[in-house]
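See below for the structure under consideration.
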Amino acid sequence: MRTLYLTNTLTRNKEVFKPIHEGRVGMYVCGPTVYGDAHLGHARPGVTYDVLFRLLQYLGYKVRYVRNITDVGHLEHDADEGEDKIAKKARLEQLEPMEVVQYYTERYHEAMRLLNVQSPSIEPRASGHIIEQIETVKKILAAGYAYESNGSVYFDVQKYNRDHNYGVLSGRTLEATLEGTRTLDGQGDKRAPYDFAIWKKAEPQHIMRWPSPWGDGFPGWHLECSVMGEKYLGQEFDIHGGGMDLMFPHHECEIAQNVASRGTQGVHYWVHNNMITINGQKMGKSLGNFITLQELFKTYSPMTIRFFILQAHYRSTLDFSNDALAAAEKGYKRLMAAWREIASQVGNEPAHDVKPSQAVEAIREAVLDALCDDLNTPIAIAHLFDAAKLINGGTLPEKDKVAMKQLFDEIVGGVLGLKDEEAGASGKAEKALEGVMQLVLDARKKAREEKNWAESDRIRDTLAAFGIAVKDTKDGATWTLE
Ligand code: ZN
């Protein structure tokens, strides 16, 4: 198997990827909190981990990809204080919280589908794993790394930090975590401001609540990913992904919970994608530059957005601007035109064993080397543009055409997950017409066998009126569009 390198946030190094079990990969990625429409900030991890998922499969791994849905416990301030984001939306819209969850989960799925992001293997919801979360809270309490306070349970960060290293992922010291910590209602229950809730007491007006040994409440946000990762991928698994904004506190807390509840950090490779900025600014609702994907798709096609994301390395910031999107659209179209061109030259000829020339092999190697070098999609795309040049130059030797088409099918379509939006629609219609014509010609053949010449002529003349010419040959009838 080809060697894959990944930058591991935990060691800050680019490392050779070695899975725990040979040939199999367990991957967990933090999914959305479903209280609003998916936006650009969701598109980047969606596409990035989709490419990693596709690449791992292309390399021959069997992958179990878990991407969760947060539907409870993600609070407004520092994720840990204030009102539950979903409960708040439900209150404002006078809906059941699960109606909010259903609606935005479907909207999220639709946006991901348009971006050609494959569904994960498992998509667990936090609210479906309350029992498991309560069990983990009990384990953390029993290990002495949490305390109960006024119906809530908090993780004892100071105690944990004495025995282990809180900050191992983000490199933050305990003192540094104090900076920017707000004092809000409920903080009085914590022993220290950096402690975080693993179980929250539900106030009387709080709708989403479950009974627990500590009274009615709900799980803290960070807990769900520790619990669902362990449930579906085991106590230790290979890859955990998410946006860089989740590194602290969310993933730092996840590691602490894992060590406290099961004695291991749990994750071998932490992978973080960088953020998307808009005209150089951080995106945010309060900044007024917040763009949902549904809005964006009115101006730019989903594949343009996908291509735009792939044109940057996932660890670099990516700045959204109309100029950048226009450039991405051009690049995407250029690549698709080359793909269409080589497909039209090859037709449906299957891949054969003729060894392609050095030039095509070299491009395939360069593209795969780039992808396996910490998912370097911009370099891979640059090599694919070289391939496009060869195709458009018209100098590609006959024997290389099938290999070239295969390269585009497997890498551009298969691994990068790009679809030809123009060919998509007409291709589908063509296929449908092919099927319908087969049916019609079968009916005509039957009429002729029964010597029902009137019927067979009626079919032929009706088709002619639609501009479809039928010709009888010794091998049967054929048709062409006039
Ligand atoms: Zn998470």
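State yes or no: is residue 35 under 30 Å from residue 154 (Cα atoms), of a type in the set (Ser, Thr, Tyr) and touching a strand residue (DSSP E or B) at 6+ places or on another chain (Cβ under 7 Å)?
Judged against the criteria, residue 35 is not a match.
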Exercise. With respect to the numbered conditions (1) farther than 26 Å from residue 341 by Cα; (2) modelled with pLDDT under 85, which one is the sole condition not fulfilled by residue 482?
Worked result: (1)
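Just one of 122, 69, 86 is at pLDDT 90 or above and under 20 Å from residue 294 (Cβ atoms); which is it?
Working: 122 fails: under 20 Å from residue 294 (Cβ atoms); 86 fails: at pLDDT 90 or above.
From the options 122, 69, 86, the qualifying one is 69.
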Seminar exercise, completed: For region 442-453, pairs from a residue that is in the same structural domain as residue 473 (by TED's automatic domain parsing) to a residue that is exposed (fewer than 12 other Cβ atoms within 10 Å of the Cβ), with Cβ under 9 Å and 6 or more apart or across chains, are 445/476; 447/453; 447/454
For this session: Mind telling me which of the residues 189, 195, 163 ends up being crowded, with 21+ Cβ neighbours inside 10 Å, of a type outside the set (A, V, I, L, M, F, W, C) and over 30 Å from residue 413 (Cβ atoms)?
Result: 195
Problem set entry | Residues of region 92-119 satisfying the condition of being free of Cβ contacts under 8 Å to residues at least 40 places away in the same chain and among the basic types (Lys, Arg) | 113
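Return the residue satisfying two criteria in turn: it lies in region 1-35 and is among the small types (Gly, Ala, Ser) and crowded, with 18+ Cβ neighbours inside 10 Å, and of such residues it is nearest to the chain's Cα centre (by Cα). So that I can check it myself, show each step before the final result.
Here is the first cut: in region 1-35, the ones among the small types (Gly, Ala, Ser) are 23, 26, 31.
After this cut, where a residue has to be crowded, with 18+ Cβ neighbours inside 10 Å as well, the list is 26, 31.
Values: 26: 15, 31: 9 Å.
Filtering region 1-35 for residues that are among the small types (Gly, Ala, Ser) and crowded, with 18+ Cβ neighbours inside 10 Å, the one nearest to the chain's Cα centre (by Cα) comes out as 31.
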Seminar exercise, completed: region 228-290: strands (runs of 3 or more DSSP E) wholly inside it with 1 or more residues that are away from the ligand (no atom under 16 Å from the Cβ) and out of contact with any Gly (no Cβ under 8 Å at 6 or more places or on another chain) are 267-273, 276-278
Seminar exercise, completed: Inside region 153-165, the number of residues satisfying the requirement of being at pLDDT 95 or above and under 22 Å from residue 245 (Cβ atoms) is 2
Seminar exercise, completed: From the option list 121, 149, 127, single residue qualifying as more than 30 Å from residue 2 (Cβ to Cβ), more than 16 Å from the ligand (Cβ to nearest atom) and among the hydroxyl-bearing types (Ser, Thr, Tyr) is 149
Problem set entry | Residue list for region 284-309, filter: out of contact with any Asp or Glu (no Cβ under 8 Å at 6 or more places or on another chain) and among the hydroxyl-bearing types (Ser, Thr, Tyr) | 286, 299
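Does region 56-76 contain any residue that is within 16 Å of the ligand (Cβ to nearest atom), of a type in the set (A, V, I, L, M) and assigned to a loop (DSSP other than H, G, I, E, B)? Steps first, answer last, please.
Filtering region 56-76 for residues within 16 Å of the ligand (Cβ to nearest atom) gives 65-75.
This time we only want the ones that are of a type in the set (A, V, I, L, M), so: 66, 69, 72, 75.
With the extra rule that they be assigned to a loop (DSSP other than H, G, I, E, B), the set shrinks to 72.
Looking through region 56-76, at least one residue is within 16 Å of the ligand (Cβ to nearest atom), of a type in the set (A, V, I, L, M) and assigned to a loop (DSSP other than H, G, I, E, B).
The values are calculated or read from the model by the stated rules, or taken from the named source; none is laboratory data. What you see is a predicted model, and the numbers here were worked out from it, not measured in a lab. Cβ atoms come from the backbone with ideal geometry, glycine included; neighbour counts cover every protein chain shown.
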